[in-house]
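What follows is a single structure, written as structure tokens, with notes after it.
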Amino acid sequence: MKIDFDRGYADEPYVGLVADFPDSSVYPLESFRVEWGPVFHRGRLDGTARVLVIGQDPATHEAFTRRILVGEAGQRFQGFLTKLGIDSSYVFINTFLYSVYGQSGGEHHVNDAAIADYRHRWIDAIVASGQIEAIITLGHLADSAYQQWRQTPSGATSTAAYATVLHPTYPDSASRSGTITKAQAFAKLCASWNTALQALHSLVTADAARPLVLYGSTITKDEHSVIPAADLPAGLPDWMRSLDAWAARSGADAQTKRATLMVTVPKASRTWPIIN
Ligand code: URA
């Protein structure tokens with residue numbers, strides 16, 4: 001049985017980018033979980049990507065897979081790409097290399113020059129292929145990151161179509177604030193994603209052309225997509241890219257919680273024999 005995998009950072013400029021990345025002198029420890037290491041990207045770095053997606057920051061699952069947007073948020077947006085007909089010709093980067101700690105961490109640092117400079121080097125490397133037809137940002141911090149890049153010499157010349165959408169976890173975060181129900185927040189998310197799908201569907205060259213099917217008022221289980229094995233390092237178990245959640249922060253107090261990530265094999269993947 002052959003399983004495809006991501007060969008990693010074999011070529012320049014990516015070799016140089018991952019060998020020399022901003023540390024806690026750039027990403028302050030009060031605002032970023034630098035202790036879990038940077039997570040750089042997911043998808044094609046070989047010049048075949050036609051869609052660049054900019055997310056926000058890595059979360060729990062990404063700390064283990066070392067590729068971004070693989071948990072619930074990633075699977076929701078992978079489903080969006082499926083609707084667009086983009087099954088493999090994409091690349092994701094995040095606004096931040098490290099997981100944001102605290103509500104305002106990201107807001108305070110999105111414009112920091114050293115954070116932005118390194119991010120611009122990634123965007124420049126990706127668009128240098130000349131193949132990127134669309135750039136999509138997830139949430140307002142990623143939109144700020146894109147707008148900053150547009151003010152750089154290479155960003156100013158970009159002809160890629162642009163869409164910004166609500167972040168895939170918007171329904172979860174917005175409903176926690178109590179001002180909107182989760183169902184209402186999902187309906188808003190779907191409306192935002194439908195607008196982008198309608199704008200981009202005819203502009204982007206699909207890997208697999210399929211008729212555009214818009215979202216209803218929520219994202220159904222079938223509208224999530226499993227993360228392709230080709231996006232992840234070799235040897236990761238299948239359940240690390242399944243639709244079941246398997247990583248969570250754990251601890252009775254803030255310090256323990258920051259220090260502890262718990263991994264649990266999902267029930268559906270416990271295929272070992274039960275021996276009493
Ligand atoms: N995980 C990521 O890597 N980025 C996001 O924006 C959300 C979850």
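The values are calculated or read from the model by the stated rules, or taken from the named source; none is laboratory data. All values derive from a computational prediction rather than experimental measurement. Every residue, glycine as well, gets a Cβ built from its backbone with ideal geometry; the counts of neighbours run over all protein chains shown. We work out accessible area using only protein heavy atoms, side chains counted, and drop any ligands, DNA or RNA first. Shrake-Rupley method; radii C 1.70, N 1.55, O 1.52, S 1.80 Å.
Here are a few things to note about the model shown:
- Pairs meeting the criteria (first residue in segment 24-45 and more than 30 Å from residue 81 (Cβ to Cβ), second residue open to solvent by less than 30 Å² (accessible area, probe 1.4 Å) and part of a loop (DSSP other than H, G, I, E, B), beta carbons under 6 Å, at least 6 apart or on different chains) are lacking.
- Pairs, first closer than 11 Å to residue 58 by Cα in segment 88-114, second assigned to a helix (DSSP H, G or I) and more than 13 Å from the ligand (Cβ to nearest atom), C-beta under 6 Å, six or more apart: 93/122; 98/34
- Some residue of segment 185-208 being in a helix (DSSP H, G or I) and more than 25 Å from residue 85 (Cα to Cα): yes
- A single entry from 124, 143 fulfils the requirement of being at pLDDT 95 or above and within 12 Å of residue 52 (Cα to Cα): 124.
- In segment 132-154, the residues that are touching a residue at least 60 places away in the same chain (Cβ under 8 Å) and either of a type in the set (A, V, I, L, M) or part of a helix (DSSP H, G or I) (or both): 132, 134, 135, 136, 138, 141, 142, 145, 146
- Close pairs (6 angstrom Cβ cut-off, 6 or more residues apart or separate chains): of a type in the set (Phe, Trp, Tyr) in segment 2-22, assigned to a loop (DSSP other than H, G, I, E, B) and open to solvent by 60 Å² or more (accessible area, probe 1.4 Å) anywhere: 5/234
- Residue count for segment 74-114 satisfying the condition of being open to solvent by 20 Å² or more (accessible area, probe 1.4 Å) and in a helix (DSSP H, G or I): 7.
- Among the residues of segment 115-131, those identified as assigned to a loop (DSSP other than H, G, I, E, B) and open to solvent by 50 Å² or more (accessible area, probe 1.4 Å) are 128, 130, 131.
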